[in-house]
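Student: Handing you a structure now.
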Amino acid sequence: MLRTVADLANGADFANYVSEANSSAAIQRLDFLDLISPDGTIISSAHWPARFGYKQRWFLDRGTALPQQAFLKHVEISPERSELAMLCLRTLHTHGANFYLIGGRRLGNVVQSLTAPEGLRVSIYSAPEQGQGEIVGTTRTI
């Protein structure tokens, strides 16, 4: 991704990198990966490639500093549906510009990887964020 960002910062056409997130997400076993330009434009999205060229709304509308730790967020996966995910945001600084990687996994996959004492039931309920799809619930009895 660093090479990709360096190319983009040097004026490469964003359209040439529309599929870049797919291969990187597969290598890192991520369900979600977006490469975002300094102005919030989606350059590449592993989970929704058709979003190329759109602005990442929640990223632009933030009223606080960028998160430095993993965070939970509903991720739109289609116009009608979103899924709760554990995401992480990283800044890639090159040639005086900040590009951003937002990647993570479906929360259900994260819950599946938990090891808990016998008999413990892990349950997560989340109401969708304003203007986003359906309610997401994950339950796993361990």
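Student: Out of the stretch 64-85, which residues are open to solvent by 80 Å² or more (accessible area, probe 1.4 Å) and not basic (Lys, Arg)?
Tutor: Answer for the stretch 64-85, where residues must be open to solvent by 80 Å² or more (accessible area, probe 1.4 Å) and not basic (Lys, Arg): 64, 65, 68, 69, 72, 79, 80.
Student: Between 87, 66, 92, which is touching a residue at least 12 places away in the same chain (Cβ under 8 Å), touching a Phe, Trp or Tyr at 6+ places or on another chain (Cβ under 9 Å), closer than 30 Å to residue 11 by Cα and not in a strand (DSSP E or B)?
Tutor: Details: 87 fails: not in a strand (DSSP E or B); 92 fails: not in a strand (DSSP E or B).
66 is the lone residue from the list that is touching a residue at least 12 places away in the same chain (Cβ under 8 Å), touching a Phe, Trp or Tyr at 6+ places or on another chain (Cβ under 9 Å), closer than 30 Å to residue 11 by Cα and not in a strand (DSSP E or B).
Student: Kindly indicate whether residue 21 is under 19 Å from residue 106 (Cβ atoms), at pLDDT 90 or above, among the hydrophobic types (A, V, I, L, M, F, W, C) and surrounded by 13 or more Cβ atoms within 10 Å (Cβ to Cβ).
Tutor: Working: under 19 Å from residue 106 (Cβ atoms): yes; at pLDDT 90 or above: yes; among the hydrophobic types (A, V, I, L, M, F, W, C): yes; surrounded by 13 or more Cβ atoms within 10 Å (Cβ to Cβ): yes.
So residue 21 passes the test.
Student: Further question on the same structure: Just to be sure I understand the filter: pairs with C-beta atoms under 6 Å, separated by 6 or more residues or on different chains, first member in the stretch 97-112 and more than 17 Å from residue 45 (Cα to Cα), second member of a type in the set (Gly, Ala, Ser) and not in a helix (DSSP H, G or I). Which pairs pass?
Tutor: The qualifying pairs are 107/85.
Student: With the requirement that a residue be open to solvent by 80 Å² or more (accessible area, probe 1.4 Å) and either of a type in the set (S, T, N, Q) or over 15 Å from the mean Cα position of the chain (by Cα) (or both), what does the stretch 86-111 give you?
Tutor: 93, 95
Student: Could I ask something else about it? Which ones in the stretch 1-25 are free of Cβ contacts under 8 Å to residues at least 12 places away in the same chain and small (Gly, Ala, Ser)? Steps first, answer last, please.
Tutor: Taking the stretch 1-25 and keeping what is free of Cβ contacts under 8 Å to residues at least 12 places away in the same chain, we get 3, 7, 11-13, 16, 23.
Scanning the stretch 1-25 gives 11, 12, 23.
Student: Quick one: count up the residues across the stretch 99-137 that are at pLDDT 70 or above and outside any strand (DSSP E or B).
Tutor: Number satisfying all stated conditions: 14.
Student: On to the next question. Of the numbered conditions (1) closer than 15 Å to residue 21 by Cβ; (2) in contact with a helix residue (DSSP H, G or I) (Cβ under 6 Å, 6 or more places away or on another chain), residue 54 fails exactly one; give the number of that condition.
Tutor: Only one criterion is unmet by residue 54, namely (2).
Student: Looking at the structure I just gave you, is residue 110 under 14 Å from residue 30 (Cα atoms) and touching a Phe, Trp or Tyr at 6+ places or on another chain (Cβ under 7 Å)?
Tutor: no
Student: Still on this model: Could you check the stretch 28-47 and list, in sequence order, the residues that are open to solvent by less than 50 Å² (accessible area, probe 1.4 Å) and without any contact (Cβ under 8 Å) to a residue 60 or more places away in the chain?
Tutor: 40, 41, 42, 43, 44, 45, 46, 47
The values are calculated or read from the model by the stated rules, or taken from the named source; none is laboratory data. Note that the structure is predicted; figures quoted are calculated from it, not measured. Using ideal geometry, Cβ is built from the backbone for each residue, glycine included, and neighbour counts are taken over all protein chains shown. In case anyone asks, the SASA skips ligands and DNA or RNA and just uses the protein heavy atoms, side chains included. Shrake-Rupley method; radii C 1.70, N 1.55, O 1.52, S 1.80 Å.
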